[in-house]
Structures are given as structure tokens and as C-alpha cells.
Amino acid sequence: MEATTAAPKKRILSCIQPSGIPTLGNYLGALKNWKTLADEFDGAFAVADLHAITVRQEPAQFRKQINDVLALLLAIGLDPDQSILFIQSQVPAHSQLAWILNCYTQFGEMSRMTQFKDKSQSHADNVNVGLFAYPVLMAADILLYQADLVPVGADQKQHLEIARDIAQRFNTLYSPTFTVPEPYIGKQGARVMSLQDPLKKMSKSDPNPKSYISVFDAPDVISKKIKSAVTDSEGSVRFADGKEGINNLMGIYACCTGLTNEQIEADFAGKGYGDFKAAVAEAVIEELRPIRERYERYSNDKAYLKEVAAQGAERASRVANRTLQKVMKKIGFVLP
Ligand code: AQP
């Protein structure tokens with residue numbers, strides 16, 4: 001009988017910035033699916049700290065946030081022996097390849113990035129070159145690992161497109177070097193909006209803490225924030241245009257309970273927003289409870305976190321350096 005070998009799993013890469021405490025939006029929109037991705041694919045998951053300094057960070061707080069996000073990756077069930085879990089800045093190849101790719105990216109194409117336009121408005125006092133070049137660093141993150149797939153939300157689609165363009169350009173100029181990544185459209189994560197301005201997405205760096213629920217918020221804090229969420233004056237729980245606050249709460253509730261909008265509307269027919277908000281708060285508290293409990297265990301074990309980061313950096317560097325060497329050789333650098 002002929003021996004059959006299983007096809008190697010596709011590689012998937014996903015990153016989260018330690019630019020604050022991750023929110024319910026980060027969790028429902030991305031992190032909640034990462035464990036499933038890790039089981040299905042050859043996963044690499046990074047704490048993208050180099051990306052986070054495009055916005056000014058307070059050093060002690062930043063250090064804590066990096067460790068907290070690593071602890072969170074463990075708390076959501078990622079296994080450092082199964083997937084590569086690493087801190088981006090501990091793998092120097094990211095910065096090195098990003099510089100190289102800067103020289104293969106046109107100013108014009110970067111000027112079209114809508115996230116740069118948005119972020120330069122919200123951080124008008126610090127429109128730095130890093131903020132502009134952010135998508136090139138993201139391209140380096142992806143291409144170093146020869147990732148086949150990258151899970152992307154709507155706001156990151158343009159950036160993945162740039163990574164694909166850069167990869168194709170380099171492959172054509174020299175010879176096939178990079179895997180051209182495809183977007184991973186998996187189980188649709190929810191897009192969670194700000195509780196105070198439901199036209200804006202919920203963001204961990206929002207200056208108003210009432211606008212977001214952090215994954216580590218205590219139950220009473222979660223209840224208070226949901227109670228003060230902006231809604232409308234109609235008073236009926238139904239999904240409709242012009243009811244963005246209620247639509248957002250319905251989306252959150254649906255994600256936590258698995259109910260459809262129709263079921264939610266039926267369950268809350270004739271009831272007011274007070275009852276609905278209490279139910280949403282309860283569902284969110286129960287959704288986040290196990291994550292928070294496991295996070296507390298990991299975040300207190302600094303020695304273990306250090307060990308996980310070191311092991312991850314070593315495994316990540318092995319893959320990343322192989323790609324970087326290949327790139328440098330093709331360009332004509334003299335290698336040591
Ligand atoms: N509100 C959201 N709803 C659904 N998904 C979201 N994501 C972020 N916000 C929401 C997804 O979370 C993953 C990690 O995001 P990130 O930290 O790398 O960057 P971000 O998208 O810029 O997240 P934030 O919270 O808005 O950070 P800041 O405030 O620093 O800019 C991504 O998959 C993202 O789509």
C-alpha cells in the first residue's frame with residue numbers, strides 16, 4: 001500500500017497591539033476565534049508592541065500592557081507548545097525587514113491608506129513617520145512567516161492588500177521569495193462599537209473608559225458601563241437603522257448567547273432598555289469570567305510569562321531569520 005503523508009497545515013498569522021487593555025471588541029471580533037484557528041492551522045500569534053509605539057506610550061504602563069496581552073493569549077487557551085506565541089520586538093527581523101520593504105513601497109500607495117488618515121486626525125499632535133509606515137511593518141510581520149492566511153477585519157483589508165502587492169513586487173523583481181498571503185474569512189467576528197458613540201468602533205485607546213469594556217473589567221464595572229451605554233428614545237429592543245446603540249448591544253448579546261436578532265427581539269418584546277441592558281451585562285460578565293480568571297493566574301506568574309516569551313522569540317526568529325536571509329541575499333547584501 002502506498003504511504004500517504006498529510007499535507008502540511010497552512011500557516012496563519014495574527015497580531016494584537018498592546019496599546020491598552022484589550023476590549024470586548026478585540027475579544028469578540030478577533031481573540032475569541034484564535035483558539036479555533038490555532039487548532040486548525042499552523043498558528044503564529046504576536047503581541048505587536050512595535051506597532052503600538054506609533055502612538056505615545058507611558059513606559060511602565062506599556063511594559064505592563066505587553067505582559068498583560070501575552071497573559072491574555074494564554075488565558076484564551078493558546079498553547080505555546082502548539083503555536084508560536086511571541087512579542088514582536090523580541091524578534092529583530094521584523095524591524096529589519098520593515099526597513100527593507102520601505103524601500104520597495106511607494107509613497108503614493110501608502111498615502112491612500114485610510115487608517116493613516118483617521119489616526120493622524122485623532123493624534124494630530126504626533127503624526128509620526130511610523131504611523132505612516134505602519135502597513136509596511138505589518139507586511140514584514142506577515143511575509144517573514146510566509147503566512148498563507150491572515151484573519152482581517154474590514155479596517156485591515158487595505159493593509160493586507162499592500163502586503164500582497166509588496167510580496168508580488170519583490171517576487172517579480174527577484175524570484176519567488178514570499179508567500180502571497182490570502183485574507184482569512186472565517187467565522188464572522190462581531191464588530192463592536194463604542195458604548196458612548198455607536199458610530200465609532202470600540203477601541204482600547206479611546207480616552208473615555210466608559211466607551212469600552214476591557215476584558216479585565218470587574219462585573220460591577222461592566223454592569224455600570226452597559227447601563228450608561230447610549231441608546232435612543234424609542235424604548236423598544238429591535239434592530240433597525242438609526243438605532244445604532246441598541247443594534248450594538250444586540251450584536252454583543254447575540255455574540256455572547258448565540259441568539260439571533262429575531263430571537264432577541266421576541267425575548268424582549270414589551271420590555272424596556274433597563275431589562276435588556278441588565279441581560280446584556282450578565283451575558284458579557286459570564287462570557288469574560290473564565291478569561292479573566294485564567295488571565296489572573298498567568299499574569300501573576302512573571303517567570304512563566306518570561307519563559308513563554310523566550311521560547312516564542314526563539315521559534316519565531318528561526319522562521320523569520322530564514323526569510324530575512326533569503327531577502328538580503330537576493331538584494332545583494334554581503335551576509336556575515
Ligand atoms: N471594536 C472592534 N470590534 C471588532 N473587532 C475589533 N478589533 C479591534 N477593535 C474591534 C480587532 O481586534 C484585533 C486586534 O486589534 P489591534 O489591537 O491589533 O488593533 P486595532 O484594530 O487598532 O484595535 P483597537 O482596540 O482599536 O486598538 P487601538 O485603540 O490601539 O487602535 C484585530 O483583528 C481587530 O480587527
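Summary of values
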| quantity | calculated |
| --- | --- |
| Within segment 102-139, tally of residues that are more than 16 Å from the ligand (Cβ to nearest atom) and touching a residue at least 60 places away in the same chain (Cβ under 8 Å) | 2 |
| Positions within segment 137-150 being under 16 Å from Gln17 (Cβ atoms) and either surrounded by fewer than 21 Cβ atoms within 10 Å (Cβ to Cβ) or β-branched (Val, Ile, Thr) (or both), in sequence order | Ile142, Val150 |
| Single condition Gly251 does not satisfy, out of (1) in contact with a Lys or Arg (Cβ under 8 Å, 6 or more places away or on another chain); (2) in the same structural domain as Leu85 (by TED's automatic domain parsing) | (2) |
| Enumerated helices (runs of 4 or more DSSP H) restricted to segment 48-167, each holding at least 2 residues that are among the hydrophobic types (A, V, I, L, M, F, W, C) and not assigned by TED's automatic domain parsing to the domain that holds Pro290 | 49-52, 59-75, 93-102, 107-111, 129-144 |
| Unmet criterion (only one of (1) in contact with a Gly (Cβ under 7 Å, 6 or more places away or on another chain); (2) surrounded by 15 or more Cβ atoms within 10 Å (Cβ to Cβ)) for Gly272 | (2) |
| Residue in segment 257-280 that is charged (D, E, K, R) and within 28 Å of Lys35 (Cα to Cα) present | no |
| Subset of segment 74-129 (residues that are touching a Lys or Arg at 6+ places or on another chain (Cβ under 8 Å) and crowded, with 18+ Cβ neighbours inside 10 Å) | Leu74, Ala75, Ile76, Leu78, Ile84, Phe86 |
| Scan of segment 45-88 for residues that are of a type in the set (Phe, Trp, Tyr) and within 13 Å of the ligand (Cβ to nearest atom), ordered by number | Phe45, Phe62 |
| Lone unmet requirement of (1) more than 14 Å from the ligand (Cβ to nearest atom); (2) under 14 Å from the mean Cα position of the chain (by Cα); (3) within 25 Å of Val127 (Cα to Cα) for Lys35 | (3) |
| Residue within segment 189-209 that is closer than 18 Å to Ile16 by Cα and loosely packed, with under 15 Cβ neighbours inside 10 Å present | no |
| Segment 42-70 residues that are within 10 Å of Ser19 (Cα to Cα), paired with ones that are of a type in the set (Phe, Trp, Tyr) and within 11 Å of the ligand (Cβ to nearest atom) (beta carbon under 8 Å, 6 or more apart) | His51/Tyr134; Thr54/Tyr134 |
| Number of the condition not met by Asn26 [criteria: (1) modelled with pLDDT of 95 or more; (2) in a helix (DSSP H, G or I)] | (1) |
| Residue selected from segment 197-221 under the condition within 23 Å of Gly242 (Cβ to Cβ) and assigned to a helix (DSSP H, G or I), by the criterion farthest from the ligand (Cβ to nearest atom) | Lys210 |
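Every residue, every condition in (1) more than 28 Å from Lys119 (Cβ to Cβ); (2) at pLDDT 95 or above; (3) away from the ligand (no atom under 16 Å from the Cβ); (4) in a loop (DSSP other than H, G, I, E, B), yes or no:
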residue	(1), (2), (3), (4)
Leu195	no, yes, no, yes
Ser223	yes, yes, yes, no
Glu234	yes, no, yes, yes
Asn248	no, yes, no, no
Tyr253	yes, yes, no, no
Gln263	yes, yes, yes, no
Glu282	yes, yes, yes, no
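Residues checked against (1) in contact (Cβ under 8 Å) with a residue 12 or more places away in the chain; (2) of a type in the set (Lys, Arg); (3) farther than 20 Å from Asn171 by Cβ:
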residue: Ile291; (1), (2), (3): yes, no, yes
residue: Arg294; (1), (2), (3): yes, yes, yes
residue: Lys306; (1), (2), (3): no, yes, yes
residue: Gly312; (1), (2), (3): yes, no, yes
residue: Ser317; (1), (2), (3): yes, no, yes
residue: Thr323; (1), (2), (3): yes, no, no
residue: Pro336; (1), (2), (3): no, no, yes
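The values are calculated or read from the model by the stated rules, or taken from the named source; none is laboratory data. Since we're looking at a predicted model, the values are computed, not measured. All Cβ positions, glycine included, derive from the backbone under ideal geometry; neighbour counts span all protein chains shown.
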